[in-house]
Structure formats: structure tokens, C-alpha cells
Amino acid sequence: MVEIQDHGPVREIRLARAPVNALSAQFAGAIDAALAEAYAAGEGGTVRAVVLSGQPGMFSAGLDVREVMASAESLRTLMIAFWRLQQRIALGSLPVVAALTGHAPAGGTVLAVLCDHRVMAEGKFRMGLNEVQVGLFPGETIFRCFERLVGRGRAAALLPRGAMLTPSEALAAGLVDEVVEPARVVPRAIELAAECAALPPLAYRQTRKMVRSDLAELFAASPEEIARQMGDDWVTDETREKMSAILARR
């Protein structure tokens, strides 16, 4: 589900759960573990930066619909695993560059907004927090992370309608930092990560900690607390109707 490749001081963690990198509890846990291993290697100086990449045409389609729908316990397990993964990226000791190799709706965008930098493939790809379109809401923390990049006014305009953005729209909104041809996404992300890795480490760590301090505050809650807050009313009858229709098309 996760493939690891080192490029000098940059470790690439490639999401490889076919066909769409849907984030199940197990998959989220595998990504989390890979990041933890990279951070541990960073303590010894072996790894200095991370690239989180996807498959050609698909970064991640977001949460696994089947696990969201299966049962209350399945949903709780998934929410805890996904929150832990988000915390790992938000609070991690190494810079993470998202190589958005294709579509990145919902949970795919969540992972991206938590990274330090984002490079997206040009083409007919879309990203955005479109949870409302399937009867869900992204939650206060994710709204704040989204707002942090695109600004309050734009976030307030995009989020309630679940807007999905093209690469050029995402760039204009500040949701991504660069748009390049698909074959250049991963190499460019590695270049950016290597630039971070080459900076004076103490000064870089202090500066990065300062500019990401707001993320640290947002992710202070425990995974169990988040699961409790969202578990009771997150999946409704309209959610089940919309997601059942999605599953029927597969």
C-alpha cells in the first residue's frame, strides 16, 4: 500500500493502494507509520525532507466510502486513524511536500493542505473539500487548515458548495504552490524537498516551527476526542443515500 524510495536526503512515500488510494483505516495507518519512520531517520540526519506522492492521475480519492458506511465502529476506527495521520503531518519534524499526481478530492486535499508545499499536475484533474456533495461536512479543524492557505473569504465561498478546483484555479487560490506537467510533478516535488533539506538546519527548523505554529494549535485534540465529536452526527441519512449511490456505480 505504501512504497518507499530515497532520493539522497529526501524520502518519497508513494501512496499505492489501487485503484484510487482510498484512505481506509489500515492505509492511513500505513502512511502514518511510514512518516514516523522517516521522522525517526531524520533524527539521525539520514532523511531531511519527505515527498508524499500518488499514482499517475490520482493522488488520493479521500476516505474509503465502504468503511464510512460499514458501521459506527468502522467509522470510529477510520476517524481515529485518519486524525492520527493528519497529526503526524501537521506536527512532524520534517518538511513534507505533496506531489499531487492527479485528482485529490476531500481527504486527498486534507493531506495536501497539511503539507509544507504542494505541486499539482496540470490537466483535467480536480482537488477541493467536496464533502458536502456526499452529505458530509469537513469539520472546524479542516476548515481552518483550508482557510490558512486560501484566506477566509475564499474558503467561505468554496467550502459550503463543495467546490472542486482545476489546477489553475487551485494555483490562483493559493491551494497549491506550483502546477507542472504530470511527468514533472514528483521530480519537482523532490527538488523542492531537497532545497528545504539543504538549508541551514537549525535556522530552517526554527523558522518552519514559527510559520506552522497555528497548525500545532489546531491539532492539539486527541484522535479519540475528534472521533467522539464527529461520530454521532457526521453520517446522516442523506450521507448514506449519496454514498450508496457512489458504491452502486462502482
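I need the full set of residues from segment 85-99 which are closer than 24 Å to LEU199 by Cα and either surrounded by fewer than 24 Cβ atoms within 10 Å (Cβ to Cβ) or not small (Gly, Ala, Ser) (or both), in order please. Step through it out loud before you land on a result.
First, the residues of segment 85-99 that are closer than 24 Å to LEU199 by Cα: 88-99.
ARG88, ILE89, ALA90, LEU91, GLY92, SER93, LEU94, PRO95, VAL96, VAL97, listed by residue number.
Beta carbons closer than 7 Å, at least 6 apart along the sequence or on distinct chains, pair a first residue in segment 86-101 that is in contact (Cβ under 8 Å) with a residue 12 or more places away in the chain with a second that is part of a helix (DSSP H, G or I) and basic (Lys, Arg) for PRO95/ARG208.
Within the set GLY123, GLY153, the sole residue that is part of a helix (DSSP H, G or I), over 13 Å from the mean Cα position of the chain (by Cα) and surrounded by fewer than 17 Cβ atoms within 10 Å (Cβ to Cβ) turns out to be GLY153.
ARG228 falls short on exactly one of the conditions (1) modelled with pLDDT of 75 or more; (2) over 30 Å from ARG48 (Cβ atoms), and that condition is (1). For segment 167-229, the helices (runs of 4 or more DSSP H) that sit wholly inside it and include 3 or more residues that are without any contact (Cβ under 8 Å) to a residue 60 or more places away in the chain are 167-173, 185-198, 201-211. In segment 126-147, of all residues being surrounded by fewer than 23 Cβ atoms within 10 Å (Cβ to Cβ) and in contact (Cβ under 8 Å) with a residue 60 or more places away in the chain, the one that is nearest to ALA220 (Cα to Cα) corresponds to THR141. State which residue is farthest from ALA194 (Cα to Cα) when the search covers only segment 40-80 and only residues that are crowded, with 18+ Cβ neighbours inside 10 Å and hydroxyl-bearing (Ser, Thr, Tyr). Among them, the one singled out is THR77.
Here's a check for you: in segment 168-182, which residue that is of a type in the set (A, V, I, L, M) and within 16 Å of the chain's Cα centre (by Cα) is nearest to LEU100 (Cα to Cα)? Of everything passing the filter in segment 168-182, VAL176 is nearest to LEU100 (Cα to Cα). For the residues ARG212, ARG126, the requirement of being modelled with pLDDT of 95 or more, touching a helix residue (DSSP H, G or I) at 6+ places or on another chain (Cβ under 9 Å) and within 29 Å of PRO56 (Cβ to Cβ) singles out ARG126. Here the condition is being more than 22 Å from ALA33 (Cα to Cα) and of a type in the set (Phe, Trp, Tyr); of PHE137, PHE82, it holds for PHE137 alone. Of all residues in segment 191-216, which are surrounded by 14 or more Cβ atoms within 10 Å (Cβ to Cβ) and in contact with a Gly (Cβ under 9 Å, 6 or more places away or on another chain)? Listed by number, the residues that qualify are ALA194, ALA197. Looking across segment 160-187, not a single residue is surrounded by 20 or more Cβ atoms within 10 Å (Cβ to Cβ) and either at pLDDT below 95 or charged (D, E, K, R) (or both).
The values are calculated or read from the model by the stated rules, or taken from the named source; none is laboratory data. Worth saying up front: this structure is predicted, and the values here are computed from it rather than measured. Virtual Cβ from ideal backbone geometry, glycine too; neighbours counted across all protein chains shown.
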